[in-house]
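To keep things clear, I will list the structure first and then write my remarks on it.
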Amino acid sequence: MPRLLVAPGILLRYLQEQNRPYSAQDVFGNLQREHGLGKAAVVKALEQLAQQGKIKEKMYGKQKIYFADQDQFDMVSDADLQSLDTKIVALTAKVQSLQQSCRHMEAELKELTSALTTPEMQKEIQELKKECAGYRERLKNIKAATNHVTPEEKEQVYRERQKYCKEWRKRKRMATELSDAILEGYPKSKKQFFEEVGIETDEDYNVKLPDP
């Protein structure tokens, strides 16, 4: 059966079931995937239903709005409205409860998905055992070595290093001050003076005085 002939029935049933206003674009977007209706077919069918008086049509600015004829629906009493409000509240609470339950299950699923499987866990245990065995062997070799440095010996080395660096810094300062004083009256350059006297600097040997 051609879609143009099927469209009016589908649209009429949809507007009556939803019972709310829609533009032609809204109806097309909501039904296109399920029924495969083209936009032109939807527009033509809505106009046809409106002309036949089966649905209502109103203009809002430059856009037409379509909705079911309200005369076909029974009058709803205040008691019925209150009953519907009660059902809405109950259903809303149920939806919120289900959403919360879904969030909990999603969190649990995420946790389970990120967890290691049994084969992965067994493989990791084997790798950790191998790593621990390597550390034990290394520790055994260290303990068996005879060239350990005691804390006292280490401290002595640090003190001597500090002493010699201090003396190095002191002598370098004295040599610099002395050479600067001589250079004030020396007719040649500093480089020529060092070459004639035979002075060798730290920089000549790419040596740097350690930080204090």
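Helix 151-183 and the longest principal axis of the C-alpha atoms of the chain enclose an angle of approximately 70°. With the Kirkwood sum run over all distinct C-alpha pairs, segment 5-63 has a hydrodynamic radius of 11.5 Å.
Please work out whether segment 1-108 counts as rounded, prolate or oblate from its C-alpha gyration tensor, where a ≥ b ≥ c are the square roots of the eigenvalues and a/c under 1.5 means rounded, while otherwise a/b larger than b/c means prolate and anything else oblate? Oblate shape, in that a/c is at least 1.5 and b/c is the bigger or equal ratio. Would you mind checking segment 27-50 for residues with the amide N under 15 Å from a putative spin-label position 7 Å along Cα→C-beta of residue 65? Of the residues in segment 27-50, 27 have backbone N under 15 Å from the label point off residue 65.
All C-alpha pair distances within segment 43-159, sorted into 10 Å bins from zero, spread as 9, 12, 12, 14, 11, 9, 8, 7, 6, 8, 3 percent across the bins.
Quick note on segment 78-121: its Rg to Rh ratio, both from C-alpha atoms and Rh being the Kirkwood radius, is 1.47. You can think of it this way: the chain between residue 179 and residue 95 has 21.2 nm of extra reach, that is 0.36 nm per residue less the Cα-Cα gap. I'd like the orientation of helix 3-18 relative to the chain: the angle between its Cα long axis and the longest Cα principal axis, in ° from 0 to 90, rounded to 10. Once rounded, the angle reads 80 degrees. For segment 131-198, the Kirkwood hydrodynamic radius from C-alpha pairs, put into Stokes-Einstein at 10 °C and a viscosity of 1.306 mPa s, yields a diffusion coefficient of 94 µm² per second. Here the dipole of the chain is about 280 debye; that uses its Cα centre as origin and unit charges on the Cβ of Lys and Arg (positive) and Asp and Glu (negative). Counting every C-alpha pair in the chain, the share spaced more than 29 angstrom apart comes to 72%. The convex hull drawn around the Cα atoms of segment 89-211, when projected onto a plane and averaged over every direction, covers 22.1 nm².
Readers should treat all values here as calculations from the given coordinates under stated rules, not as data from a laboratory. Treat the numbers as computed from the prediction; the structure is a model and nothing was measured. All Cβ positions, glycine included, derive from the backbone under ideal geometry; neighbour counts span all protein chains shown.
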